[in-house]
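> Sharing a structure with you now.
The values are calculated or read from the model by the stated rules, or taken from the named source; none is laboratory data. What you see is a predicted model; the values in this text were computed from it and never measured. Cβ placement follows ideal geometry from the backbone for every residue including glycine, while neighbour counts extend to all protein chains displayed.
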Amino acid sequence: MGPILLLLAFLVIFLFIMGVVFVSRYKRCPSDKILVIYGKTGAGQSARCIHGGAAFVWPVIQDFSFLDLTPISIDVDLRNALSKQNIRVDVPSRFTVGISTEPAIMTNAAERLLGLDMNSIRTIAHDIIVGQMRLVIATMDIEEINADRDKFYSNVSHHVESELKKIGLRLINVNVTDIHDESGYIQALGKEAAAKAINDARVSVAQKQRDGSIGEAEAQREMRIKVSETQALSNIGEAEAAQMQRAKVANAEAIAASGEAEAQQLQRIRRSRSRIASSGHDGRKSTVGKSA
């Protein structure tokens, strides 16, 4: 019984140790980091990168480390960059970069940035950014850089990000503080643009004033025309009303005169009838007397 118990105890201890080892080698990856497993990771692979989730790291043949995804802010005080017109410009700017989570780019970061601290990564990215900004500025005119900022940002972002990907970084943001040159060319362009804007504003104000004066004159003319038309219509209405009144009076007078004439005629007829009737009565009286 002794050897069997000893064997069982050894087996229990072995299983316990293996369980502890398994638990300790099962690594979970936080959301703000990349888990890099290196060692024997497979044919053709220098490392296996995991963003999120977990993985088992085999003891002895594998090991692990983490890459921090915290954004890195880089101040780039670019001086004396030569433009396409051979005019030197200063372009102070700020870039924000971070380790990429794209599978292929994460592998680049594992190969080139693993084990480096933030300052070392910042220095490498700074050198890449300065070189690419000088390259972009050398292909553009001063007017283009100063006026078309979107195009300048686009060119800088494209060239910088393509180089940062080679070491496992990605470009998050670009902020150009200012652009100026030692010869004062950009300042002269600004004064020219300001003068043109002022002249355009003055011309616009003069045109608006002219349009306002013309509009006011047209409004007054239209008002006078409408007043004249109203007065004319009023005069016509008064004349028509007076004419209608005169016609009514004349009609009333005619009707009155006609009634008076008819009344006089009736009176004459009545008088004539009365005389005729009176004459007949007198004749009859005289006839009667003679007979007596």
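> Please determine whether any residue of region 169-177 is of a type outside the set (S, T, N, Q), under 20 Å from LEU35 (Cβ atoms) and either surrounded by fewer than 19 Cβ atoms within 10 Å (Cβ to Cβ) or not assigned by TED's automatic domain parsing to the domain that holds GLN45 (or both). Give the derivation first.
Within region 169-177, the first condition is being of a type outside the set (S, T, N, Q), and the residues that meet it are 169-172, 174, 176.
Those left that are additionally under 20 Å from LEU35 (Cβ atoms): 169-170.
So of that shortlist, the ones also either surrounded by fewer than 19 Cβ atoms within 10 Å (Cβ to Cβ) or not assigned by TED's automatic domain parsing to the domain that holds GLN45 (or both) come out as 169-170.
Yes, because at least one residue in region 169-177 is of a type outside the set (S, T, N, Q), under 20 Å from LEU35 (Cβ atoms) and either surrounded by fewer than 19 Cβ atoms within 10 Å (Cβ to Cβ) or not assigned by TED's automatic domain parsing to the domain that holds GLN45 (or both).
> Of all residues in region 235-289, which are within 60 Å of the chain's Cα centre (by Cα) and modelled with pLDDT of 75 or more?
Pass one, region 235-289, residues within 60 Å of the chain's Cα centre (by Cα): 235-237.
Listed by number, the residues that qualify are ASN235, ILE236.
> Looking at region 28-55 only, could you name the residues that are within 48 Å of the chain's Cα centre (by Cα), part of a strand (DSSP E or B) and not hydrophobic (A, V, I, L, M, F, W, C)? Give the steps one after another, and end with the answer.
Residues of region 28-55 that are within 48 Å of the chain's Cα centre (by Cα), as a first pass: 28-37, 47-55.
Then keep just the ones that are part of a strand (DSSP E or B); that gives 28, 33-37, 47-50, 54-55.
Across region 28-55, the qualifying residues are ARG28, LYS33, ARG48.
> Restricting attention to region 71-98, and to residues there that are β-branched (Val, Ile, Thr) and within 16 Å of LEU164 (Cα to Cα), which single residue is surrounded by the fewest Cβ atoms within 10 Å (Cβ to Cβ)? Reasoning before the result, please.
Going residue by residue through region 71-98, those that are β-branched (Val, Ile, Thr) are 72, 74, 76, 87, 89, 91, 96-97.
Then drop every residue that is not within 16 Å of LEU164 (Cα to Cα), which leaves 72, 74, 76, 96-97.
Values: ILE72: 18, ILE74: 17, VAL76: 18, THR96: 13, VAL97: 24.
Selected residue: THR96.
> Just give me the residues in region 1-42 being surrounded by fewer than 10 Cβ atoms within 10 Å (Cβ to Cβ) and under 17 Å from PRO103 (Cα atoms), in sequence order.
First, the residues of region 1-42 that are surrounded by fewer than 10 Cβ atoms within 10 Å (Cβ to Cβ): 1-5, 23, 31, 42.
Of everything in region 1-42, those that are surrounded by fewer than 10 Cβ atoms within 10 Å (Cβ to Cβ) and under 17 Å from PRO103 (Cα atoms) turn out to be SER31, GLY42.
> Next question. How about region 106-121: which of its residues are farther than 12 Å from ALA47 by Cα and buried (at least 17 other Cβ atoms within 10 Å of the Cβ)? Give the derivation first.
Filtering region 106-121 for residues farther than 12 Å from ALA47 by Cα gives 113, 115-121.
Result: LEU113, ILE121.
> Name the pairs: first residue in region 56-79 and free of Cβ contacts under 8 Å to residues at least 12 places away in the same chain, second residue surrounded by 13 or more Cβ atoms within 10 Å (Cβ to Cβ), Cβ to Cβ under 6 Å, at least 6 apart or on different chains?
Short answer, once both residue conditions are applied: ARG79/ASP90.
Here is a yes/no grid of residues against (1) out of contact with any Ser or Thr (no Cβ under 6 Å at 6 or more places or on another chain); (2) assigned to a loop (DSSP other than H, G, I, E, B); (3) polar (S, T, N, Q):
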{"residue": "PHE64", "(1), (2), (3)": "yes, no, no"}
{"residue": "ASP75", "(1), (2), (3)": "yes, no, no"}
{"residue": "THR96", "(1), (2), (3)": "no, no, yes"}
{"residue": "ILE105", "(1), (2), (3)": "yes, no, no"}
{"residue": "LEU116", "(1), (2), (3)": "yes, yes, no"}
{"residue": "ALA125", "(1), (2), (3)": "yes, no, no"}
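> While we're here: Please list, ordered by first then second residue, the pairs with beta carbon atoms under 8 Å, 6 or more apart or interchain, first in region 89-107 and more than 18 Å from VAL156 (Cβ to Cβ) and modelled with pLDDT under 90, second surrounded by 19 or more Cβ atoms within 10 Å (Cβ to Cβ) and of a type in the set (A, V, I, L, M, F, W, C).
Here the result reads PRO103/CYS49, each pair linking region 89-107 to a residue that is surrounded by 19 or more Cβ atoms within 10 Å (Cβ to Cβ) and of a type in the set (A, V, I, L, M, F, W, C).
> While we're on this one: Sort out which residues of region 43-69 are in contact with a Gly (Cβ under 8 Å, 6 or more places away or on another chain) and surrounded by fewer than 11 Cβ atoms within 10 Å (Cβ to Cβ), and write them in order of number.
Within region 43-69, ILE61 is the sole residue that qualifies.
> Answer yes if at least one residue in region 171-185 is aromatic (Phe, Trp, Tyr) and modelled with pLDDT of 80 or more, and no otherwise.
no
> Within region 146-167, can one find any residue that is buried (at least 19 other Cβ atoms within 10 Å of the Cβ), among the hydrophobic types (A, V, I, L, M, F, W, C) and free of Cβ contacts under 8 Å to residues at least 40 places away in the same chain?
Within region 146-167, one or more residues are buried (at least 19 other Cβ atoms within 10 Å of the Cβ), among the hydrophobic types (A, V, I, L, M, F, W, C) and free of Cβ contacts under 8 Å to residues at least 40 places away in the same chain.
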